[in-house]
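Please read the structure below before turning to the comments.
Rule-based calculations on the coordinates, nothing more; no lab input. Fair warning: this is a prediction, and the values are worked out from it, not measured in the lab. Cβ sites come from the backbone with ideal geometry, for glycine too, and all protein chains shown count toward neighbours.
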Amino acid sequence: MNIDPIYQEVILDHYKNPRNCKEIDGISEKGHNASCGDKVEVIAKVEDGKLKDLSVCTKGCAICTASGSIMSERVKDMSIEEAEKFIERVKKYLKGELPEEEFDEIFELKALSGVRRLPVRIKCALLPWITLENTLKHEK
Amino acid sequence: MLDLKKDFPIFGENPGLCFLDSGASAQKPSYVIDFVADFYRKTYANIHRGVYKQSWETTVLYDKAREKTAEFLGVDSPESIIFTKNTTESINLVAYSFGETLKEGDEIIVSIMEHHANFVPWQRLAEKKSLKLKIAYIDRESLILPLENITKLITDKTKLIALSMCSNVLGTISPFVEVCKIAEEKGIKVLLDGAQYMPHHKINFKELGINPDFVVFSGHKLCAFDGVGVLYGKKEVLEEMEPFLTGGDMIESVSIEKTEFAPLPNKFEAGTPPIGAVISLLKAIEYLEGIGLDKIEEHEKTLAKEAIKRIKEIEGVHVFAPERISNGIVSFTIDGIHPHDIATILAEDNVCIRAGMHCAEPLITYLNQDSFARATFYLYNDLEDVERLVKAVKRCKEVFKL
């Protein structure tokens, strides 16, 4: 059994089979971590103030890819406002500003919490969320 | 084999540390640390200005570092050695000051395997002054840089060849000796980036029969402190160049109307220099020469060869190094695992490597890669470190269930 605190089953699954990288029409933004070369492209289809569909395509490490894939499943169908609040909460959580138990109900996000102990990898996990945040700014 | 971990206190302070990131910066031996600490306790003062004992003694040590550096490179004039902050600053100095003399349409040649430090300044200069930047490519298969790929770019407009002596990613040694000879015949200036070469190889430009116009490297990669870099320049070339930074220490006289600049080397050393770091360079060179750079090269090569042989045996591992390696640089990838994840997993085993683009994005892109994991061996590493690397690479595959 794999007991590595970061590379848990669920993270590896999202890395090896990232969800929701697809061609859709909508507002989009690209994100890039210069030091490691991680790249993310987010496309959001917004209808009636809601995130109707979301595409997240990542080229990067397991943490960044899994984080983007998990995000794509989580924020779909949220209202813009809900999504923004959720992004803020996740960002704080990944940075270690919220308690470990904050996401007990969402085990995929809890699985990402390993980065909280790895300062240099936090930015990998944050990149998709920041890119989505920037994408949603186009709606305003 | 060398057995030098005991000389480097970091290993005593961090039992089990498998440090394979000397390509980024080398650890410091007690020989250097203790001398500089002692210097700060007993001798320190600013250089040049004071007439008192401490200032004089500091100045003597500082000048000795300059002489030692000239001797280390095998060049004649110590006043041609300029101390800077690092390799990057040395190259920028040349790009600004020598760059001033270039004119629209002039051409500069660099190779695809340059570190960003020897790429971006020239790219910027080319944009600013409408110069042409030409790229000499390595062979994608053999990973070597054929001389012909450089010489075929030379035209009568070529003014400078800025060339890395050794790639920080591949360990490829460039044909810098031949390039210097050809360039000299044609009146083309050459800048050699020795950041990855100097710490690992014996060099003597006089014995090689070449006299490059500029040679740059950093102290911190050869066991000196961070904060000191070196620019060697041909005396007559440096004398003709405009100063880079201006202010204190670099002047002969200043009036309200006009400033006369100091002669070399002061002309290019404005302000208080990194005195302790410069003195650490003196001690670091003494230390490395005491061991013998030829022995260091042999030692690193043995370790890197063993590491390459062993990790290549692991399925899915690809090593990016030329067939005949001559130093301790081992860049690799593992199918299905991003190099950043490799470095993270290795770090859990206290094996320190680097992952990413290694400030050589044009090269990584040219090789159709996103990123490399890079282990670099230096004089204090041993076969146990190779073992640790191999084991940790295997563990990566286990963690990723490959």
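Over all projection directions, the Cα-based convex hull of chain B averages an area of 20.5 nm².
Can you compute the equivalent ellipsoid semi-axes for the protein assembly as shown, i.e. the square root of 5 times each eigenvalue of the Cα gyration tensor, sorted largest first and rounded to whole Å?
Working: eigenvalues 402, 155, 123 Å².
The three semi-axes for the protein assembly as shown are 45, 28, 25 Å.
For the range B:32-290, a simple Cβ point-charge model (Lys and Arg +1, Asp and Glu -1, everything else neutral) yields a dipole of about 360 debye relative to the Cα centre.
When a/c reaches 1.5 or more, the comparison of a/b and b/c decides; with that in mind, is the range B:117-215 rounded, prolate or oblate per its Cα gyration tensor? Please list the in-between numbers first.
Details: a/c = 1.44, a/b = 1.22, b/c = 1.18.
Because its axes are fairly even, with a/c under 1.5, the range B:117-215 counts as rounded.
Taking a straight line from the alpha carbon of B:K53, these lysines sit under 20 Å away, with near neighbours fewer than eight places off in the same chain left out: B:K42, B:K64.
Helical content of chain B, expressed as a calculated mean residue ellipticity at 222 nm, amounts to -12000 deg cm²/dmol (DSSP H runs of 4 or more residues, -39,500 (n - 2.57) each, divided by residue number, nearest 500). Note on the range B:270-402: along the principal axes its Cα atoms extend 53, 34, 30 Å, ordered by decreasing extent. The amide H of B:D21, built 1.01 Å from its N in the peptide plane, has B:T376 as neighbours under 5 Å, considering only residues 5 or more places off or on other chains.
Database note for chain A: Cys without another Cys beta carbon under 4.7 angstrom, A:C36, A:C61. Springs join every pair of Cα atoms under 10 Å in this Gaussian network model of chain B, and among B:Y287, B:Y40, B:Y96 the largest mean-square fluctuation is at B:Y40. In the range B:174-253, the C-alpha radius of gyration followed by the widest Cα-Cα span (Dmax) gives 14.6, 43 angstrom. Note that the range B:191-199 has calculated 3J(HN,Hα) couplings of 10, 9, 8, x, 3, 9, 8, 4, x Hz, one per residue in order, obtained from phi through the Karplus relation 6.51 cos²θ - 1.76 cosθ + 1.60 (θ = phi - 60°); glycine and proline are x.
Comparing B:A373, B:A224, B:A347 in a Gaussian network model of chain B, where Cα atoms under 10 Å apart are tied by springs, the biggest mean-square fluctuation is seen for B:A347. Run the Debye formula on the Cα coordinates of the range B:29-95, all scatterers equal and no solvent, and tell me log10 I(q)/I(0) at q = 0.13, 0.16, 0.18, 0.29 1/Å. Summing over Cα pairs of the range B:29-95 leads to -0.48, -0.71, -0.87, -1.13.
Along the charge dipole of chain B, which of B:Y137, B:V32, B:V393 sits closest to the positive end, that is, farthest toward it, with unit charges on the beta carbon of Lys, Arg, Asp and Glu (+1, +1, -1, -1)? My answer, from the dipole projection, is B:V393.
Please state the shape class of the range B:238-321: rounded when a/c is under 1.5, otherwise prolate if a/b exceeds b/c and oblate if not, all from the C-alpha gyration tensor.
Numbers: a/c = 4.45, a/b = 2.70, b/c = 1.64.
Since a/c reaches 1.5 and a/b is larger than b/c, the shape of the range B:238-321 is classed as prolate.
Label-to-label distance for B:E260 and A:D48 is 8.5 nm, based on points extended 7 Å past Cα in the beta-carbon direction. Counts of other chain beta carbons within 10 angstrom of each beta carbon in peptide A:5-17 average 3. A cut-off of 5 Å between modelled amide H atoms, ignoring neighbours fewer than 5 places along the same chain, links B:T259 with no other residue.
Using C-alpha pairs under 8 Å with a sequence gap of at least 6, the mean separation divided by the residue count of chain A gives a relative contact order of 29 percent.
Amide H contacts of B:T84 (H built 1.01 Å from N, in plane; Pro and chain starts excluded): B:G229, B:V230, B:L231 sit under 5 Å, all sequence-distant by 5 or more or on other chains. In chain B, the sites counted are GluC sites (Glu not before Pro) in DSSP loop states with at most 14 other Cβ atoms within 10 Å, and the longest stretch holding none of them, exclusive of the sites, is B:142-256. The angle separating the long axis of helix B:30-42 from the principal Cα axis of greatest extent in chain B is about 40 degrees.
Do any trypsin sites (Lys or Arg not before Pro) in the range B:310-402 lie in a loop, going by DSSP, with at most 13 other beta-carbon atoms within 10 Å of their beta carbon, and if so which? Don't skip to the end; give the middle numbers.
Working: sites: B:R310, B:K312, B:R324, B:R354, B:R374, B:R388, B:K391, B:K394, B:R395, B:K397, B:K401; in loops: B:R324, B:K401.
For trypsin sites (Lys or Arg not before Pro) across the range B:310-402 that sit outside H, G, I, E and B with at most 13 neighbouring Cβ atoms in 10 Å, the list reads B:R324, B:K401.
Considering only beta bridges that DSSP places wholly inside the range B:32-290, some 45 percent are antiparallel. The spacing between the range B:105-131 and the range B:160-194, judged by their C-alpha centroids, is 14 Å. Hey, how many Å between the Cα centroid of the range A:1-77 and the Cα centroid of the range B:345-402? Measuring centre to centre over Cα atoms gives 26 Å. Rounded to whole numbers, the Karplus 3J(HN,Hα) couplings from phi for the range B:105-119 are x, 5, 10, 10, 10, 10, 9, 5, 8, 5, 5, 3, 4, 10, 10 Hz, using 6.51 cos²θ - 1.76 cosθ + 1.60 with θ = phi - 60°, and x at Gly and Pro. Let me know the shape class of the range B:33-148, please: from the alpha-carbon gyration tensor, a ≥ b ≥ c as square roots of the eigenvalues, rounded when a/c is under 1.5, otherwise prolate if a/b is greater than b/c, or oblate. Prolate is the answer for the range B:33-148, as a/c is 1.5 or above and a/b outweighs b/c.
In this rough spin-label picture, where each label sits 7 Å from Cα along the Cβ direction, the B:E127-B:T101 distance is 2.6 nm. Going from the residue with the fewest nearby Cβ atoms within 10 Å to the one with the most, B:I161, B:I150, A:I43, B:I251 rank B:I251, A:I43, B:I150, B:I161. In a reduced charge model with +1 at each Lys and Arg Cβ and -1 at each Asp and Glu Cβ, chain A shows a dipole moment near 540 debye about its Cα centre. Rounded to two decimals, the Cα-based Rg/Rh of the range A:9-139, with Kirkwood Rh, is 0.93.
Summing Cβ point charges (Lys, Arg +1; Asp, Glu -1) relative to the Cα centre of the range A:1-47 gives a dipole of roughly 80 debye.
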